[in-house]
Amino acid sequence: MKDKPVHAPMEQFPVINGELHIGGIPITQLAERIGQTPFYAYDRRLITDRIDYLRECLPPELHLHYAIKANPMPAVVQHLAGLIDGFDLASAGEMKTALDTTMPAAKISIAGPGKTDKELRQAIAAAITINLESEGEMRRAALIGAQLGITPRVAVRVNPDYDLKSSGMKMGGGPKPFGVDAERVPAMLKEMAAMNLEFVGFHIFWGSQNLNPEAIMEAHEKTLELAIRLSDATDRQPHHLNIGGGLGIPYFPGETRLDLRPIGDNLNRLITAFKQKLPATTLITELGRFIVGEAGLYICRVIDIKESRGEKFLVTDGGLHHHLAASGNFGQVIRKNYPVAIANRMGTTERENVSIVGPLCTPLDLLGNKMALPKAEVGDLAVIYQSGAYGLTASPEKFLSHPAASELLL
Ligand SMILES: *Cc1c(COP(=O)(O)O)cnc(C)c1O
């Protein structure tokens, strides 16, 4: 019998002389260069490789967008501006980061419920596409457009009316704060026709962090079907159709990387059929985690080592206040360990069972639970893999008022 895997895949960063490297630099030296722990480090080469892989496997007609909320570090967004076809935003704050790059406004869109009048005003003034989440938002956008003397570019975000059968996953069909229920879209577009709004397309987002190729292929098929049904029902040829993202990355023991090839082949077939119905519609997929998630590490230092009733704890200067997701408190139902290593002891084969905890006075501040790791000493560097997406900005940094984490792109 094969050993049960202890970690998700973690070979994307090289080990040289027993030490983990990122961007060609040993992690201990990097910590000296920054002058502090904890920090996040992202590898631009891995990000570029990921885009190359997507381009290689997905149909050339499918435009690739980056969902900035996965990692909004300005240097990362700047790097991606030269590699992808557009940005998708979740706030006016992200809009500033996006517009500071070379990406043209026509390739940028904003989604999210609860856009304020101020955000709508900024988005309309910037001439980016607004993914409308409700009829009320549509009316507010039209009003603001009239005040500004600008015709807002709008798409309708659709809450799908289909269920996905594969792997028992159910990601659409129910009541949602996101998007407009598919069955209400025809009436909404009728109302829109009389307004000072330029309708540019549909945005159909069906899920996130999916590692099941069958489920993804089914979602793509149903999404394209729904888009065709909607344009038939409304007699509108959308300029573009955003089919969402959903591609996952492996985080936990036993999970493996998605093979994009069957997904790409399936999309090729679906898009060929789609183009016969709607030849003028540009197709877009928006990805966050899949592009940056595996390219990042979170690094913290062991401050203390203690034993308590037979269990050993490595206490670090990093914790859930910088990396909520690794602590298991960002959407996990049952807590599992992210891949973890001791950066300066990669050559050691001897293992001991330890838990890695942060400095916060809460049992939630757990970065690794009872893991087999090399015997560590105070001063060693603990590293959490798969930290390039939903890391720092998805964490309660102010909780307990510890120092902020630093971020760098190599
Ligand atoms: C969060 C989000 C994404 C990105 O999801 P990932 O799982 O990071 O790929 C894409 N589109 C929308 C509308 C989102 O809200």
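The values are calculated or read from the model by the stated rules, or taken from the named source; none is laboratory data. If you're wondering where the values come from, they're calculated on a predicted model, not measured in any experiment. No Cβ is skipped: glycine too gets one built from the backbone with ideal geometry, and neighbour counts run over all protein chains shown. To get the accessible areas, we keep the full protein, side chains included, count just its heavy atoms, and leave off ligands, DNA and RNA. Shrake-Rupley method; radii C 1.70, N 1.55, O 1.52, S 1.80 Å.
The figures follow:
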| quantity | calculated |
| --- | --- |
| Rounded tilt (10° steps) of 117-126 against the dominant C-alpha axis of the chain | 80 |
| Percentage of interatomic Cα-Cα distances in the chain larger than 27 Å | 54 |
| The chain: calculated mean residue ellipticity at 222 nm from DSSP helix runs of at least 4, using -39500 (n - 2.57) | -8500 deg cm²/dmol |
| Length-normalised contact order for segment 167-294 - Cα pairs under 8 Å, 6+ apart - percent | 30 |
| Where labels lie 7 Å past Cα in the beta-carbon direction, separation of Arg44 and Glu352 in nm | 4.0 |
| For segment 204-264 and segment 11-49, distance of Cα centres in Å | 33 |
| Where trypsin sites (Lys or Arg not before Pro) fall in DSSP loop in segment 308-407, at most 10 other Cβ within 10 Å | Arg309, Lys398 |
| Accessible surface, per residue, of the chain when the full set of protein chains is kept, probe 1.4 Å, Å² | 43 |
| Carbon and sulfur %, accessible surface of segment 1-129 computed with the full protein complex present, 1.4 Å | 55 |
| Candidates per GluC sites (Glu not before Pro) in segment 313-394, loop by DSSP, up to 13 other Cβ within 10 Å | Glu350, Glu377 |
| In degrees, nearest ten, helix 260-277 long axis to first principal axis of the chain (Cα) | 10 |
| Loop trypsin sites (Lys or Arg not before Pro), segment 97-175, which have at most 14 other Cβ atoms in a 10 Å radius of their Cβ (DSSP) | Lys165, Lys170 |
| Net charge over other residues, Cβ less than 14 angstrom from the Cβ of Ser395 (K, R count +1; D, E count -1) | -1 |
| Dipole-positive endmost among Pro74, Leu64, Gly114 within segment 17-120 (Cβ charges, Cα centre) | Gly114 |
| Length-normalised contact order for segment 199-259 - Cα pairs under 8 Å, 6+ apart - percent | 54 |
| Dipole of the chain, positive end: most advanced residue of Asn344, Thr129, Ile284 [Cβ charges, Cα centre] | Thr129 |
| In degrees, nearest ten, helix 135-148 long axis to first principal axis of the chain (Cα) | 80 |
| Computed Rg/Rh of segment 142-214, alpha carbon atoms with Kirkwood Rh | 1.11 |
| Efficiency of FRET from Cβ geometry, Glu397 and Ser308, R₀ 45 Å, rounded to 0.05 | 0.95 |
| Average Cα contact separation per residue, segment 1-101, under 8 Å, 6 or more apart, as relative contact order % | 18 |
| Charge dipole magnitude, Cβ of K and R +1, D and E -1 - segment 276-330, Cα centre, debye nearest 20 | 140 |
| Shape of segment 1-84, Cα gyration tensor, a/c cut at 1.5 | oblate |
